[in-house]
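Enquirer: This is the structure, below, for whatever I ask next.
A short reminder: the numbers here are calculations on the coordinates, not readings from a lab. Predicted model only: the values in this text are computed from it and were never measured. With ideal geometry, Cβ positions are generated from the backbone for all residues, glycine too; neighbour counts draw on all protein chains shown.
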Amino acid sequence: MSNPNKFWTVKQFNEIYPNFSLGMLRALIFHSEENGFSSVIVRISANRKRGKILINEDAFFAWLHNQQGRMA
């Protein structure tokens, strides 16, 4: 699977990185405004309601690395 921009659906991201469960990813997305995860996701919706959510792989790991400093 080739993806030069490294944007994945939640399911694809979980398939590539199974140690990040679908439930965990969905919880991060649900609370994205509070936890800063909004910088990791792109929401695609024609009507501002339900739509596709993509995870930017590079931004995810930058966000994860930043969280380590907050937890220490």
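Enquirer: Once you've got the GNM for the chain with C-alpha springs shorter than 10 Å, pick whichever of Asn19, Asn47, Asn56 has the biggest mean-square fluctuation.
Expert: Answer for the Gaussian network model of the chain: Asn47.
Enquirer: Sticking with this one: Give the order of His65, His31 when sorted by the count of other beta carbons within 10 angstrom, beginning with the fewest.
Expert: On the way: His65 9, His31 12.
Going from least to most buried by this count: His65, His31.
Enquirer: List the trypsin sites (Lys or Arg not before Pro) in the stretch 33-68 that DSSP assigns to loop (not H, G, I, E or B) and whose Cβ has at most 16 other Cβ atoms within 10 Å. Which are they?
Expert: In loop regions of the stretch 33-68 (DSSP not H, G, I, E or B), the sparsely surrounded trypsin sites (Lys or Arg not before Pro) are Arg48, Lys49, Arg50.
Enquirer: From the list (i) 3, 16, 24, 21, 18, 11, 6, 2, 0; (ii) 3, 15, 25, 29, 17, 8, 2, 1, 0; (iii) 3, 16, 23, 20, 14, 11, 8, 4, 1, 0, can you say which value of P(r) over Cα pairs in 5 Å bins from 0, in percent was derived from the structure given?
Expert: Looking at P(r) over Cα pairs in 5 Å bins from 0, in percent for this model, the match is (ii).
Enquirer: Still on this model: Go ahead and run the numbers for FRET between Val42 and Asn66, Cβ-Cβ distance against an R0 of 22 Å, rounding to 0.05.
Expert: Here the calculated transfer efficiency is 0.75.
Enquirer: Please arrange Ile29, Ile44 by counting, for each residue, the other beta carbons lying within 10 Å of its beta carbon, fewest first.
Expert: Starting with the residue having the fewest Cβ neighbours, the order is Ile44, Ile29.
Enquirer: Just to be sure I understand: with springs between alpha-carbon atoms less than 10 Å apart, which residue in Glu15, Glu34, Glu57 has the highest mean-square fluctuation in the Gaussian network model of the chain?
Expert: Comparing Glu15, Glu34, Glu57 in a Gaussian network model of the chain, the most mobile one is Glu34.
Enquirer: Taking 8 Å as the Cα distance limit and 6 or more residues as the minimum spacing, I'd like the relative contact order of the chain as a percentage.
Expert: 33 percent
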